[in-house]
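First up is the structure itself, then whatever we jot down about it.
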Amino acid sequence: MADTSGARVIAQHGSLAVGYAEQIRFQAPARQPAAWPHLVGVIPPRAPAFQHRAVAEQLRQAVSGGGTAVLGQVLSGLGGVGKTQLAADYARTAWEHGELDVLVWVTASSRELVVAGFTQAAVELLAVDPDEHAANAFLAWLQTTPRRERAYRWLVVLDDVTDPADLRGLWPPANPHGRTLVTTRRRDAALTAAGRRLLNVGLFTPEEAAAHLAQALADHHRHEPADQLHDLAAGLGYLPLALSQAAAYLIDTGMTCARYRELLTDRTRTLSELLPEPGILPDDQATTVAATWSLSIERAERLRPQGLARPMLQLIAMLDPSGIPDTVLTSPPALDYLADLRTRTAASATTGPEPGRVTQEDAVGALRALHRLNLIDHTLGTPHQAVRVHRLIQRATVDTLTPDQRDQLARTAADALLAAWPDTEHYTALAHSLRGNTDALAGTAEAALYRPDAHAVLYRSGNSLGHSGQATAARDHFQRLVTEIGNRLGPDHSDTLEARHNLARWRGEAGDATGAAAAFAELLADQEQVLGPDHLDTLRCRHHFAWWRGEAGDVVGAAEASEQLVADRERVQGPDHRHTLNARAIFARWTGDAGDRASAINICEQLLEDAIRVLGPDDGDTLVYRSNLANERGGAGYAAAAVAAFAELLVDQERVLGPDHPHTLDTRIKLAQWRGKAGDPDGAVAAFAELLVDQNRALGPDHRETLLVRYNIAYWRREAGDPDGAAAALAELLGDVERVLGPDHPHTLDTRHDLSSWRETDHKD
């Protein structure tokens with residue numbers, strides 16, 4: 001059982017207290033109780049350019065209102081956010097305003113220092129001998145505070161508590177006339193036990209940060225444009241310590257904010273190179289920003305599960321500081337990395353799981369250890385952005401790695417992102433977060449994601465953009481990727497050809513079907529030369545070339561090309577291969593659009609029969625082929641049959657794929673359309689209105705499919721006899737289509753044309 005007896009706790013530190021007593025006896029042989037009011041210890045001086053922050057008022061209200069009736073107020077936050085300065089400002093203000101009779105400031109970075117500080121207080125306030133009982137006597141005095149005319153008002157500040165265990169048995173007691181204030185980088189549950197309150201200290205606001213820089217420079221007759229100050233403050237992540245040291249660097253070097261900002265974005269320079277040397281830090285600071293978190297990392301490493309905090313922080317350092325999904329950091333590639341790093345460190349010789357194995361629970365434990373030391377924020381309630389970290393912690397962490405270590409870590413982070421990416425993106429928030437993390441990784445990793453080849457996550461991120469409805473952004477992503485890969489790996493490399501394939505596809509999806517067909521034709525010629533006519537990538541290119549020929553208006557050419565593709569797929573891959581079945585599906589599509597609906601229906605019926613035999617009735621492609629067949633029958637004039645077929649298909653898709661799967665939502669679009677075409681425009685409007693609610697939730701309001709549903713609502717409202725309501729809905733849609741797709745996108749042009757036509761027709765009527 002833990003020893004909580006005050007006397008025994010203090011006795012454990014008797015040798016330290018006795019040694020301290022000898023110094024006091026030598027310095028002050030005659031002891032008398034200090035006169036009131038009295039200050040024990042030294043309040044740190046106010047930093048130049050000190051900012052009065054909103055959190056300071058929160059602190060004053062919390063401490064003055066609660067007192068030690070709740071045992072204490074704990075200021076917790078990342079190293080460098082200014083906790084000590086806030087505590088000192090509060091203590092100094094209270095002292096100067098006569099609110100205190102006794103103020104005790106104790107540096108509390110170890111248990112020994114806390115005991116020594118309390119011993120010093122006992123010597124000065126109680127005139128006792130500085131022995132092993134002195135600290136205990138001071139705590140007892142805080143409990144009772146002798147009464148004369150009134151009770152003495154006291155404040156004890158315990159600055160920089162490194163480990164909550166150091167205060168076991170040493171917490172100042174509850175007293176309505178006393179207050180306790182603690183600063184720490186920790187946020188363990190033990191700190192807020194017994195009614196103690198936690199106040200998280202964050203970064204400067206943008207305004208506070210810019211004002212701090214401006215004042216620090218003005219004190220040395222330096223003035224910079226306001227926009228440059230704001231840009232630099234943002235580049236430093238609004239961290240008070242970083243701003244203070246950067247200002248000193250600017251003053252010492254004469255450098256401008258703009259030039260410093262350029263150097264800060266230069267990945268070839270370490271953070272320590274852009275800060276003052278340790279011996280000339282401002283404001284009596286002990287460490288640079290680059291080194292200020294090293295002690296916290298070491299302590300996190302010793303928390304269970306030991307040896308995982310540092311490698312976990314290294315992985316976090318490669319990703320998006322504004323939010324990393326838990327699933328990335330607990331994925332198999334991440335676990336393998338953690339296990340390998342722990343095995344290769346001295347920390348592997350600890351109790352707990354064997355060094356060679358790391359579980360998901362261990363990975364979460366490492367995140368919690370980093371969270372407890374305020375090195376990251378780990379919020380369990382936001383799984384898509386569960387981990388947040390300051391960018392300078394990331395920078396300082398990456399700076400400790402060798403180039404080879406950084407490259408290995410970058411590929412590991414890319415593997416982890418890819419492992420966490422769902423095959424089908426049901427949740428837009430997760431996909432958005434994964435894309436943001438891929439972008440952040442690409443900026444940090446640089447060439448590593450192209451050695452020895454282009455990592456697959458680069459393609460996955462671009463395609464995710466397109467699937468989210470941002471076809472233009474996806475096109476631009478792959479345009480950059482084609483250039484980057486071509487420059488690094490050469491124009492004939494398979495990765496360059498793959499990037500060109502994706503670029504052509506999203507060019508078409510962005511509204512340029514003719515340009516997509518031309519790009520695929522050019523790519524096909526190169527692939528046939530580099531890879532050969534029967535290579536699977538070449539056959540895939542032919543598939544997409546045929547598709548975009550049809551989308552560009554050449555439906556006869558598309559039908560002929562897809563028919564030849566079917567023959568070559570059967571020869572190369574066999575008649576039952578999934579790719580062969582898909583080739584038959586597009587052959588049916590363009591055959592029907594070319595005017596031969598009967599043949600298209602026949603092809604679809606045979607294809608569906610083969611798919612059920614080969615793939616099974618619940619396979620995703622089988623369900624797509626059912627949709628194709630229903631659509632062809634509707635196009636042949638059997639609208640009621642199409643409605644019935646899509647209604648049956650929807651039940652199966654909701655069962656197999658789920659209600660939010662893109663294919664399920666697409667079936668609901670087609671079902672509503674065919675209801676309208678079958679003579680039920682009111683039913684179509686109702687179905688589309690219900691679907692719009694689900695699409696806004698699942699896809700977002702700016703997704704192209706969501707915009708399509710809004711168009712259909714307007715269209716079928718008109719068909720149902722509400723031309724004014726239809727025109728108003730279409731006019732509202734036009735503004736959003738122009739904003740999302742651009743003014744020259746075909747969908748925008750079609751919407752604008754339809755609105756003009758409807759208004760003209762309605763005016764004539």
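Just so you know, all these numbers are worked out from the coordinates, no wet-lab data involved. Fair warning: this is a prediction, and the values are worked out from it, not measured in the lab. A quick note on method: Cβ atoms are made from the backbone with ideal geometry, for glycine too, and the neighbour counts reach across all protein chains shown.
So what does log10 I(q)/I(0) come out to for the stretch 238-330 at q = 0.11, 0.13, 0.16, 0.17 Å⁻¹, using the Debye formula with one equal point on every Cα and no solvent?
Reported log10 I(q)/I(0), two decimals: -0.43, -0.59, -0.83, -0.90.
Let me know the charge dipole size of the stretch 660-765 about its Cα centre in debye, to the nearest 20, where only the beta-carbon of Lys, Arg (+1) and Asp, Glu (-1) is charged.
It comes to approximately 180 debye.
Between residue 277 and residue 692, what is the label-to-label distance in nm when each label sits 7 Å out along the Cα-to-Cβ direction?
For the pair residue 277/residue 692, the computed spacing is 6.8 nm.
Which net charge results when you count Lys and Arg as +1 and Asp and Glu as -1 among the other residues whose beta-carbon is under 12 Å from that of residue 622?
-3
For residue 618 and residue 340, calculate 0.36 nm times their separation in residues minus their Cα-Cα distance, and state this gained length in nm to one decimal.
Result: 96.0 nm gained on full extension.
Rounded to the nearest 10 degrees, what's the angle between the helix 226-235 long axis and the longest principal axis of the chain, both from Cα atoms, 0 to 90?
90
Once fully extended, how much extra length lies between residue 255 and residue 446, figured as 0.36 nm per residue of separation less the alpha-carbon to alpha-carbon distance? Don't jump to the answer; show the numbers that get you there.
Details: separation 191, 0.36 × 191 = 68.76 nm, distance 2.75 nm.
Taking residue 255 through residue 446 to full extension adds about 66.0 nm, to one decimal.
Can you sort 378, 133 by how many other beta carbons sit within 10 Å, fewest first?
If I rank by nearby Cβ atoms, fewest first, I get 133, 378.
Given an 8 Å cut-off on Cα distances and at least 6 residues of separation, report the relative contact order of the chain as a percent.
7
Over 25 Å apart: what share of the alpha carbon pairs of the stretch 293-422 falls there, rounded to a whole percent?
Summing the P(r) tail past 25 Å for the stretch 293-422 gives 14 percent.
Between 0 and 90 degrees, rounded to the nearest ten: what's the tilt of helix 555-573 against the longest Cα principal axis of the chain?
Here the helix axis deviates by roughly 70 degrees.
Per 10 Å bin, what percent of the C-alpha pairs of the stretch 554-683 does each bin hold, from zero upward?
Final binned percentages: 14, 39, 36, 10, 1.
I'd like the distance separating the alpha-carbon centroids of the stretch 652-731 and the stretch 518-535, in whole Å.
Cα centroid to Cα centroid, the span is 39 Å.
Less than 12 Å Cβ to Cβ from residue 640, Lys/Arg counted +1 and Asp/Glu -1: what total charge do the surrounding residues give?
Values: positive: 633, 675, 677; negative: 680.
Net charge around residue 640: +2.
Using only alpha carbons, build the gyration tensor for the stretch 122-222 and give me the equivalent ellipsoid semi-axes, biggest first, whole Å.
35, 19, 15
If I fit a long axis through the Cα atoms of helix 428-445 and take the longest principal axis of the Cα atoms of the chain, what angle between them do I get, 0 to 90°, rounded to 10?
Compared with the principal axis, the helix lies near 70 degrees.
Relative to the compact globular guide of 2.2 N^0.38 Å, what is the alpha carbon radius of gyration of the stretch 206-267, as a ratio?
So the Cα radius of gyration is 0.96 times the expected 2.2 N^0.38 Å.
Would you compute, for the Cα atoms of the stretch 148-300, the largest minus smallest coordinate along each principal axis and list the three values in descending order, in whole Å?
Computed over the stretch 148-300, the largest-to-smallest principal extents equal 59, 40, 27 Å.
For the chain, with equal point scatterers placed on the C-alpha atoms only and solvent neglected, what are the log10 I(q)/I(0) values from the Debye formula at q = 0.09, 0.10, 0.11 1/Å, to two decimals?
-0.97, -1.09, -1.21
So what is the orientation-averaged projected area of the stretch 614-765, using the convex hull of its C-alpha atoms, in nm²?
9.7
Report the one residue of 470, 485, 449 whose Cα lies farthest in the direction of the positive end of the charge dipole of the chain (charges on C-beta: Lys and Arg +1, Asp and Glu -1; origin at the Cα centre).
Going by the Cα projections, it comes out as 449.
If you take every residue apart from residue 256 with its C-beta less than 14 Å away from the C-beta of residue 256, what net charge results, scoring Lys and Arg +1 and Asp and Glu -1?
Working: positive: 222, 259, 261; negative: 224, 227, 231, 252, 262.
Here the count lands on -2.
Report, in deg cm²/dmol and to the nearest 500, the calculated mean residue ellipticity at 222 nm for the chain, where each DSSP H run with n ≥ 4 adds -39500 (n - 2.57) and the sum is divided by the residue count.
Computed ellipticity for the chain at 222 nm equals -19500 deg cm²/dmol.
When the Cα centres of the stretch 362-384 and the stretch 430-499 are compared, how far apart do they sit, in Å?
The two parts, judged by their Cα centres, are 29 Å apart.
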